[in-house]
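Note sheet for the following structure.
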Amino acid sequence: MVSRAIAALNASGDGTRIEERIVHTGQHYDPAMSDVFFQALKIPSPAYHLGIGSGGHGAQTGRMLEALEPVLEKEKPDVVLVYGDTNSTLAGALCAAKLHIPVAHVEAGLRSFNRRMPEEINRVMTDHLSSLLFAPTEAAVRNLKAEGIREGVIRTGDVMYDAVLFFREKVGQLAAGVLERFGVKPGNYAFATVHRAENTDDPERWAEIIQGLTAVARSGLPVVWPVHPRTRERLDGFDVPGLHLLDPLPYFETQALLMHARVALTDSGGLQKEAAFHKVPCVTLRDETEWVELIEHGVNQSAGANARQIVTLALAARWPSAEFPREMYGDGGTSQIIVSRLRSYVPC
C-alpha cells in the first residue's frame, strides 16, 4: 500500500530520505473511495490532484496524460512509481516513458490472460514500459520471463501483506465494535464486493451474481456487501432479508469485517489476497484470477458469474487443513525492498 512505501521512503537507516510527490489523478473521486483512505492510513495529502473523474477508458486515460505531462515536466522526477493496474497506472507509466523518465511498477507481472479485462491491458503495457518491475510472487516473475522481460525484475513480496501485518493489531481492537454495529457474529456471515465492469456492465452476469448473493443470504448465511458507488443506483429499493447493502467502508472497517467472515465473495483482486492473509476462504466472482497461487493452494475458488456455483461454493467454503505458505507474499518487508531498489535510481 502507498502508506507503507512512503513510510519506508522516509525511514532510511543512513539518515537520507527520498522526496516523494503524490499525484492523485482523481480516477477514484468518491470521498468514500478516496479521501477516507488518505485519512485512515495517514497518507500525506497529494501534491497534485488532477480531478479527472469518470469517463470512458480512452477519454479518461487521455485526459490523465494531458494533465500529467506538465506535472512531470515541472517536477523532473528521477523515477515515477506506479501501482497496480488502473487507467491511472497506465497513464503514469506512458507519460513518464515518453518523457524518458524511468518507471517503477509495483505489482508487476500479474496476468489473468484475459485481454477483455481493461486491467489486463493496463498491466501488460505498464510492465513493458517499466525499468523496475516489483513482482509480488514467483508466478509474476515467471510471467514476465515468458514475455521476454528479465532486466529490472525484482521479486519483492506483496505490499498489501505489509499493510495487513502492520495494521492487524488496530483492526483487531476495532473488530468487535464493527461487527456489533452491523449486526453480525464472527464466522457467521459472508463478506461481498462486486465492482468490475465485466460483471457490473454485463446484464446476464450481473443478474447471475445478484441471484447468487441473494440465494446465499436466504440460505441463512447473512451477506454483508459494501456497494461500489457505480453500482449503487442499480440496487436502490432492493430488499432481501439477510442481504446487508452498505455504503463503501473505510479500510479498517473493511478489514475487520473480512477478518471475521466465514467466506469472502468478490471480484476484487486485492480482497482475494486479503482474505487469504486473514485465513478466510474466498469465492471469486470471475472466470479467472491473476492470483493463481490462491487457487492452487485451495484457499480460493472461482465461481464465475454462475448463481448456482456461487451458492454451492459459498456454503461449502472451508479453510484447508494444510498450512497456507504465506511466505509466497513476503515477510512484511516488501516496502523496504522496493525502497532499497529505488535508491539506485534516486541520488541521495
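Each residue in segment 145-162 was checked for being outside any loop (DSSP other than H, G, I, E, B), surrounded by fewer than 24 Cβ atoms within 10 Å (Cβ to Cβ) and touching a residue at least 12 places away in the same chain (Cβ under 8 Å), and 4 pass.
Scanning segment 85-131 for residues being crowded, with 20+ Cβ neighbours inside 10 Å and within 19 Å of Thr334 (Cα to Cα) gives a total of 11. Condition test on Arg308, is it in contact with a helix residue (DSSP H, G or I) (Cβ under 8 Å, 6 or more places away or on another chain), among the charged types (D, E, K, R), touching a residue at least 40 places away in the same chain (Cβ under 8 Å) and within 25 Å of Asn114 (Cα to Cα)? Answer is yes for this residue. Looking across segment 56-71, the residues that are surrounded by fewer than 20 Cβ atoms within 10 Å (Cβ to Cβ) and either assigned to a loop (DSSP other than H, G, I, E, B) or touching a residue at least 40 places away in the same chain (Cβ under 8 Å) (or both) come down to Gly56, His57, Ala67, Val71.
Report whether or not Glu274 is closer than 30 Å to Arg123 by Cα, within 17 Å of the chain's Cα centre (by Cα) and touching a residue at least 40 places away in the same chain (Cβ under 8 Å). Against the criterion (closer than 30 Å to Arg123 by Cα, within 17 Å of the chain's Cα centre (by Cα) and touching a residue at least 40 places away in the same chain (Cβ under 8 Å)), Glu274 qualifies.
Read-outs: derived from the displayed coordinates by stated rules, not from any lab. This one's a predicted model, so the numbers in the text were calculated from it and none came from an experiment. Using ideal geometry, Cβ is built from the backbone for each residue, glycine included, and neighbour counts are taken over all protein chains shown.
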